[in-house]
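First up is the structure itself, then whatever we jot down about it.
The values are calculated or read from the model by the stated rules, or taken from the named source; none is laboratory data. Computed from a prediction, not measured in an experiment: that's the story for all the values here. For neighbour counting, all protein chains shown are included, and Cβ atoms are generated from backbone atoms with ideal geometry for every residue, glycine included. Note: accessible area is taken over every heavy atom of the protein model, side chains too, but ligands, DNA and RNA are not part of it. Shrake-Rupley method; radii C 1.70, N 1.55, O 1.52, S 1.80 Å.
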Amino acid sequence: MTGHPVGMLDSGLGGISVLAQALRDLPRENYVYFGDTAHIPYGDKEPQEVLRLTRQGVDKLIAHGCKAIVIACNTATSVAAQQLREELSLPIIGIEPALKPAALLPGEGQILVLATQVTLKLPKFQALMERYGDHAVPVPCSGLMECVEDGQLEGERVHTLLSELLSPYLNQPIKAVVLGCTHYPFLRNAIAAFLPAGTPLVDGNAGTVRQLGRRLEEEGLEAPPEQEGGQVTFLSSCEDPQTIARMQTMLQTAMNEL
Ligand code: DGL
């Protein structure tokens with residue numbers, strides 16, 4: 001099993017920001033990435049539907065021989081990670097909004113937590129709020145992932161939407177912004193443009209990849225030393241070849257810019 005790939009999934013392109021981090025930090029592993037592009041967005045759906053779709057995606061990755069699964073989607077993790085861990089024996093690693101590291105940063109002011117409606121309303125995030133949420137302000141960001149899916153990482157559409165979403169909070173000091181959806185690291189520059197220079201924008205990608213490394217080690221599943229690694233296979237629920245081409249382009253963007 002050690003030579004088998006790690007599976008990663010997201011509703012679409014967002015999890016590619018986690019994949020890029022994994023290629024950097026765990027370069028001897030090979031990866032299969034599944035984007036459920038036919039069913040975006042997850043963040044506005046009923047949790048039962050997100051659970052059904054996530055289970056389908058995980059089954060697809062298991063059928064491709066994956067030895068561990070990273071749910072590279074905050075929304076799907078909130079809904080499905082615990083349930084799937086109970087159902088399956090392989091390691092399932094999730095991602096959550098990086099509120100804890102943001103809360104532990106020095107400084108004063110609000111912590112804006114940008115995420116999907118589903119992520120923000122479920123018990124997993126509520127538990128995080130109870131522990132680290134003293135200065136946290138949840139900001140549901142409907143419509144933002146679609147900008148990334150459409151390749152709009154800057155420009156008028158993104159600027160107008162971000163202005164609507166962030167304006168209510170900009171007249172108070174901001175300590176940090178949590179990028180609590182794996183699509184949002186692709187919008188880091190567009191978001192930073194609304195904030196005082198130097199405001200930290202925190203995502204959960206590095207923490208998630210550290211957890212993947214720990215789980216592989218614990219289970220004796222790390223890639224064998226002779227494996228070169230770094231191979232990526234893209235799968236999508238959209239049949240058209242352009243979707244796979246877009247995934248490859250996003251991975252280049254993530255490797256070069258994030
Ligand atoms: N990338 C996903 C996340 O981290 C969700 C985007 C969506 O499908 O709404 O939450």
Of all residues in the range 122-158 being under 15 Å from Ala98 (Cβ atoms) and under 18 Å from the mean Cα position of the chain (by Cα), the one that is most open to solvent (accessible area, probe 1.4 Å): Lys124
Test: Pro140 is within 30 Å of Glu222 (Cα to Cα) and in contact (Cβ under 8 Å) with a residue 24 or more places away in the chain: no
Complete set of residues in the range 212-221 that are surrounded by 14 or more Cβ atoms within 10 Å (Cβ to Cβ) and within 22 Å of the chain's Cα centre (by Cα): Leu212, Gly213, Arg215, Leu216
Failed item in (1) more than 17 Å from the chain's Cα centre (by Cα); (2) assigned to a loop (DSSP other than H, G, I, E, B); (3) among the small types (Gly, Ala, Ser), with Ser163 passing the rest: (2)
Subset tally (residues that are open to solvent by less than 50 Å² (accessible area, probe 1.4 Å) and closer than 18 Å to Gly204 by Cα) for the range 92-121: 18
In the range 199-211, the residues that are open to solvent by 30 Å² or more (accessible area, probe 1.4 Å) and more than 30 Å from Leu170 (Cβ to Cβ): Arg210, Gln211
Pairs with Cβ under 7 Å, 6+ apart, first in the range 90-116 and within 18 Å of Gln126 (Cβ to Cβ), second in a loop (DSSP other than H, G, I, E, B) and of a type in the set (Val, Ile, Thr): Ile95/Thr182
Selected residue [closer than 21 Å to Leu120 by Cβ, free of Cβ contacts under 8 Å to residues at least 40 places away in the same chain and in contact with a strand residue (DSSP E or B) (Cβ under 9 Å, 6 or more places away or on another chain)] from Ala76, Ala72, Ala80: Ala80
Residues located in the range 94-132, provided they are part of a loop (DSSP other than H, G, I, E, B) and in contact with a strand residue (DSSP E or B) (Cβ under 8 Å, 6 or more places away or on another chain): Gly94, Ile95, Pro97, Ala98, Leu105, Gly107, Glu108, Gly109, Thr116
Pick from the range 164-192, criterion free of Cβ contacts under 8 Å to residues at least 60 places away in the same chain and surrounded by 12 or more Cβ atoms within 10 Å (Cβ to Cβ), ranking: farthest from the ligand (Cβ to nearest atom): Leu170
Residue match in the range 55-73 (condition: out of contact with any helix residue (DSSP H, G or I) (no Cβ under 7 Å at 6 or more places or on another chain), open to solvent by less than 20 Å² (accessible area, probe 1.4 Å) and closer than 15 Å to Asp203 by Cα): yes
Hey, Glu239 modelled with pLDDT of 95 or more and surrounded by fewer than 17 Cβ atoms within 10 Å (Cβ to Cβ) or not: no
